[in-house]
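Engineer: Dropping the structure in here first, questions after.
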Amino acid sequence: MDNLEELRSDLLQRVEAATDLDALDTVRVQALGKKGEITQRMKTLGNLAPEERKEAGQAFNLIKQAVADAIETRKASLHEAALEARLAEEKVDVSLPPRPTTIGKMHPISQTLEELVAIFGEMGFSVAEGHHIEDDFHNFTALNIPPEHPARQELDTFYMPEREDGTRSVLRTHTSPVQIRAMQNTTPPIRIIAPGRTFRADHDATHSPMFHQVEGLVIDEKTNMGHLKGVLIEFCRAFFGVKDLPLRFRPSYFPFTEPSAEVDIGCSRSGGQLKIGAGEDWLEILGSGMVHPKVLENCGIDSSKYQGFAFGIGIERLAMLKYGIPDLRTFYETDLRWMKHYGFLPMEMPSMVRGL
Ligand code: PHE
């Protein structure tokens, strides 16, 4: 009987010591299986005297029951532990940031525009918007664009059908009419940029009938050419991320500015590869000038008191140069492979603090 007590406590200990369901099943087979320790020992009962056999048989059955019960209990707690472990492992951490999504990209034009807004915003410019369909006065006349100017020609501009009074609207050929409206509606100081769509009857590898511009306007009492240069130098260096980018202001002509200057940035073209910021070559990037007194007067601003400067930049051109996009036409083809390659993550808004 001592032996039996030993067997019982040994088996129960092994059940408790099983750390997973597989180990527990091994113990079960070792104890209760056909060749298990209890089964084997019960087979020896035949050698005993009848009274002893009865007593020993009962004792074995009790051990068998106790071991079977212990296995069931252990099984239940191992099950529970396994479940707990799985739940802990599969826990969702809701504080993690979302994964950057792979669907949807920001178009390089939108990205470039946001960069422009970030840079000029830092310099105190606010964003002004206007109409795509303009009248002759705001698109041409107020800007001192004479009737014989090529921009007015039938072949260069999209005109709307003639109205009964003989007037025709145009799809704006630049965003300058936004500046005209700003000057008409506000008293200086004015400091705005006007980004948006513009339209011209041009179509080849480097011209599209619809494209984007950003124009800037600053009007104040003492604003001068030095301010124009400072703002544009600052802008080009920030946009291209080249600290000492060389700039060249080249005399030019626009009907609405006097004097006028075209702005070139330093570049190299050696080996057929365009590199901005280094080398002996120049690349034209934008038009600018001091607002013509006639334009100020056309908008009801006293040109003996106020003066200022304006500039105009093509957004596609900037995007092509900065992001190495070779063909203008691809901007509007809505090719998803192109967007995947040239697009930007939508949640990453450009800012001067973060770096553009
Ligand atoms: N409006 C001009 C254009 O579209 C750009 C420009 C604006 C040039 C302001 C000088 C000053 O071509």
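What follows draws every value from the coordinates through simple rules; no lab data is involved. Remember, it's a predicted structure, so these values are computed and weren't measured experimentally. We place every Cβ from the backbone using ideal geometry, glycine too, and count neighbours over all the protein chains shown.
Engineer: What is the set of long-range amide H partners of HIS292 at a cut-off below 5 Å, with H atoms built 1.01 Å from backbone N?
Structural biologist: Hits under the 5 Å cutoff: THR257, GLU258.
Engineer: Express the relative contact order of segment 108-348 as a whole percentage, based on alpha carbon pairs under 8 Å and six or more residues apart in sequence.
Structural biologist: On the way: 444 pairs, mean separation 47.5, N = 241.
In percent, rounded to a whole number, it is 20.
Engineer: Something else now. For a quick check of your reading of the filter: which GluC sites (Glu not before Pro) in segment 289-339 sit in a DSSP loop and have no more than 15 other Cβ atoms within 10 Å? If you can, show how the numbers build up before the last one.
Structural biologist: On the way: sites: GLU297, GLU316, GLU333; in loops: GLU333.
Taking segment 289-339 and a limit of 15 other Cβ atoms within 10 Å, the loop GluC sites (Glu not before Pro) found are GLU333.
Engineer: Might you report the magnitude of the Cβ-based charge dipole of the chain about its Cα centre, with Lys and Arg at +1 and Asp and Glu at -1, to the nearest 20 debye? Present the calculation step by step, with values, prior to reporting the outcome.
Structural biologist: Values: 40 positive and 52 negative charges, 124 e Å.
It comes to approximately 600 debye.
Engineer: What order do you get for LEU155, LEU143 when you list them from fewest to most C-beta neighbours inside 10 Å?
Structural biologist: LEU155, LEU143
Engineer: Applying the Karplus parametrisation 6.51 cos²θ - 1.76 cosθ + 1.60 with θ = phi - 60° to the phi angles of segment 175-188, what ³J(HN,Hα) value in whole Hz is obtained for each residue in order, glycine and proline being reported as x?
Structural biologist: 8, 4, x, 5, 5, 4, 5, 5, 5, 5, 9, 10, 8, x
Engineer: So what is the calculated 222 nm ellipticity per residue for the chain, using -39500 (n - 2.57) for each DSSP H run with n of 4 or more, over all residues, to the nearest 500 deg cm²/dmol?
Structural biologist: On the way: 11 runs with 142 residues, N = 356.
When only DSSP H runs of four or more count, the value is -12500 deg cm²/dmol.
Engineer: Another question about this same structure. So what J values fall out for segment 217-233 if you push phi through Karplus, 6.51 cos²θ - 1.76 cosθ + 1.60 with θ = phi - 60°, rounded to Hz, Gly and Pro as x?
Structural biologist: 8, 10, 10, 7, 6, 10, 4, 10, 4, x, 5, 4, 5, x, 5, 6, 5
Engineer: Sticking with this structure for a sec: Rounded to whole Hz and in sequence order, give me ³J(HN,Hα) for segment 259-267 from the Karplus expression 6.51 cos²θ - 1.76 cosθ + 1.60, θ = phi - 60°, writing x for Gly and Pro.
Structural biologist: Result, ordered by residue: x, 10, 9, 9, 10, 10, 10, x, 7 Hz.
Engineer: With the Cα gyration tensor of segment 231-356 giving a ≥ b ≥ c as the square roots of its eigenvalues, does the rule (a/c under 1.5 for rounded; else a/b larger than b/c for prolate; else oblate) give rounded, prolate or oblate? It would help to have the intermediate numbers written out before the result.
Structural biologist: On the way: a/c = 2.05, a/b = 1.62, b/c = 1.27.
It comes out prolate by the Cα gyration axes.
Engineer: So how far apart, in nm, are the two label points at ASP204 and LYS243 if each is 7 Å from Cα heading toward Cβ?
Structural biologist: Label at ASP204, label at LYS243, 4.1 nm between them.
Engineer: Follow-up. Mind listing which trypsin sites (Lys or Arg not before Pro) in segment 1-90 are in a DSSP loop and have 15 or fewer other Cβ atoms within 10 Å? Write out the running numbers ahead of the final one.
Structural biologist: On the way: sites: ARG8, ARG14, ARG28, LYS34, LYS35, ARG41, LYS43, ARG53, LYS54, LYS64, ARG74, LYS75, ARG86; in loops: LYS34, LYS35.
Sparse-neighbourhood loop trypsin sites (Lys or Arg not before Pro): LYS34, LYS35.
Engineer: A follow-up question, please. What does the extension gain come out to for THR26 and LEU96, with contour length at 0.36 nm per residue minus their alpha carbon separation? Mind showing how you got there, number by number?
Structural biologist: Details: separation 70, 0.36 × 70 = 25.20 nm, distance 4.23 nm.
Using 0.36 nm per residue and subtracting the Cα-Cα distance, I get 21.0 nm.
Engineer: For segment 48-187, calculate the relative contact order in percent as a whole number, restricting contacts to Cα pairs under 8 Å that are 6 or more residues apart. Walk me through the intermediate numbers first.
Structural biologist: Details: 61 pairs, mean separation 27.6, N = 140.
After rounding, I find 20 percent.
Engineer: Same structure again: Cα atoms only, the chain: Rg and Dmax in Å?
Structural biologist: 41.6, 134
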